[in-house]
1. Within region 290-316, take every residue that is assigned to a loop (DSSP other than H, G, I, E, B) and of a type in the set (A, V, I, L, M, F, W, C) and give me the one that is surrounded by the most Cβ atoms within 10 Å (Cβ to Cβ).
2. Could you run through region 185-210 and say how many residues are over 17 Å from Arg259 (Cβ atoms) and not hydroxyl-bearing (Ser, Thr, Tyr)?
3. Of everything in region 204-248, what is in a helix (DSSP H, G or I), more than 16 Å from the ligand (Cβ to nearest atom) and within 28 Å of Lys177 (Cα to Cα)? Give them in sequence order.
4. Which of the residues spanning region 217-249 are hydrophobic (A, V, I, L, M, F, W, C) and within 17 Å of the chain's Cα centre (by Cα)?
5. Can you tell me which residues in region 107-156 are in a loop (DSSP other than H, G, I, E, B), modelled with pLDDT under 90 and more than 15 Å from the ligand (Cβ to nearest atom)?
6. Filter region 284-314 down to the residues that are aromatic (Phe, Trp, Tyr) and either within 17 Å of Ile260 (Cα to Cα) or touching a His at 6+ places or on another chain (Cβ under 8 Å) (or both) and list them by number.
7. So the check is Cβ under 8 Å with 6+ separation or different chains; which pairs have a first residue in region 107-120 that's on the phi < 0 side of the Ramachandran plot and a second one that's in a loop (DSSP other than H, G, I, E, B) and of a type in the set (S, T, N, Q)?
8. Hey, any hits in region 181-203 for a residue that's within 16 Å of the ligand (Cβ to nearest atom), under 24 Å from Gly315 (Cβ atoms) and not in a helix (DSSP H, G or I)?
Amino acid sequence: MRRLGKNDMIGRISGVFCVLILIWTGCAALQTPPPKRRTLSGQAPRMYTRPQFKPKISPEAYHFESPHYILDYSKDISKLPNYDTVEERKSRGSGDLIFLEGQYDFFKELFGFTAKGMILIEVEPVLKFQEDIGEEAIPNSRDALTSIQRGSHVVDGRVQPKYTIKMRFGIDAFESKATRAHELTHAFTSVYSLPAWMDEGIAVLVEEEYGGGRGWAQQKTDLKPIKVDEDGRNILQTWRGDNSELPFRSVELYAYSYRILKELQLRYGMDLLKRFFSILEQDGVYRRVQTLGTSVVVYYLSQAAQRDLVPFFEGLSFKVRKLSRDDILGILAD
Ligand SMILES: [Zn+2]
């Protein structure tokens, strides 16, 4: 059995803090339909409020601004029937931003924090990928992709992190409330350098429980590994990691990630994630790595649950070590 190395425990440490780090979170049109479903907790999806504000709109209505978003339609959106006049684009863009601001307020309450910067939204008829996310990146209208650039700037003589958050949508993805909820979750949470299983698990949980999800996420009904690797490790643990051969996108992996987080939420309370992010924020270790190791994530989840969750994850065949806060802060201080 391979022993866990330091980087397995803590995550990949970025070379220089000020280097620009790109966090990709790609999201397929994972749309398989089952229309009616109950959430795992049996609760009805909640509604967002409609905040009152007047968005700024460019004369041709391709560019919109609201308190937390900048929305840009690509010029070729005018080829689509519902976007071919200025009045239509004005009406749709304003309506979209009102919805998105309501969703923003809701997420703020759900997670206990705000997004770490303005959110730039680009909408085009067909999403043309500008980045390499593998052969699955075939341009289509149902895809969306959220990316976060982490850089730095100087404020009052001190270097501070600066984030550029961008959500890109094909038109069908943008018109799907569930996909918007999924991507907006990434816009809020991907700055925390979470491993893929947790990053996607949270996005699917929000999409499914609060975004009018489409039911496919509930296809994984148990916690058993889909497969273990040659070291006996649950393959989900290293999804999108250096040596992972798993597809970038797979309904099964998204559903399983959601299932694990939902189980923790059912056992330790609906506020578990809120508590997790609050504790993670206090220590700030996420700013110093590209991806947090699962043992670190399990430490913070354990703090939030007030229960040692190493046995829970070992039961899922994750390879994790029980770490203390001193372990984490000490290693990252090297
Ligand atoms: Zn995603």
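The values are calculated or read from the model by the stated rules, or taken from the named source; none is laboratory data. What you see is a predicted model; the values in this text were computed from it and never measured. Don't worry about glycine lacking a Cβ; one is built from the backbone with ideal geometry, like all the others, and counts go over all protein chains shown.
1. Looking only at region 290-316, we keep the residues that are assigned to a loop (DSSP other than H, G, I, E, B), and these are 293, 306-309, 316.
Narrowing the set further to residues that are of a type in the set (A, V, I, L, M, F, W, C) leaves 309, 316.
Details: Leu309: 22, Leu316: 17.
Within region 290-316, the match that is surrounded by the most Cβ atoms within 10 Å (Cβ to Cβ) is Leu309.
2. Qualifying residue count for the region: 4.
3. Restricting attention to region 204-248, the residues satisfying the condition of being in a helix (DSSP H, G or I) are 204-210, 216-219, 235-238.
Narrowing the set further to residues that are more than 16 Å from the ligand (Cβ to nearest atom) leaves 218-219, 235, 237-238.
Selection gives Gln218, Gln219.
4. We begin by selecting, within region 217-249, every residue hydrophobic (A, V, I, L, M, F, W, C); these are 217, 223, 226, 228, 235-236, 239, 246, 248.
Answer for region 217-249, where residues must be hydrophobic (A, V, I, L, M, F, W, C) and within 17 Å of the chain's Cα centre (by Cα): Ala217, Leu236, Trp239, Phe248.
5. Start the filter on region 107-156 by keeping residues that are in a loop (DSSP other than H, G, I, E, B), which leaves 112-118, 125-126, 128-139, 141-143, 156.
Going one step further and asking which of them are modelled with pLDDT under 90, we end up with 128-139, 142-143, 156.
Lys128, Gln130, Asp132, Glu135, Ile138, Pro139, Asp156, listed by residue number.
6. Initially, region 284-314 is screened for residues aromatic (Phe, Trp, Tyr), giving 286, 299-300, 312-313.
Tyr299, Tyr300, Phe312, Phe313, listed by residue number.
7. Lys108/Thr114
8. Yes.
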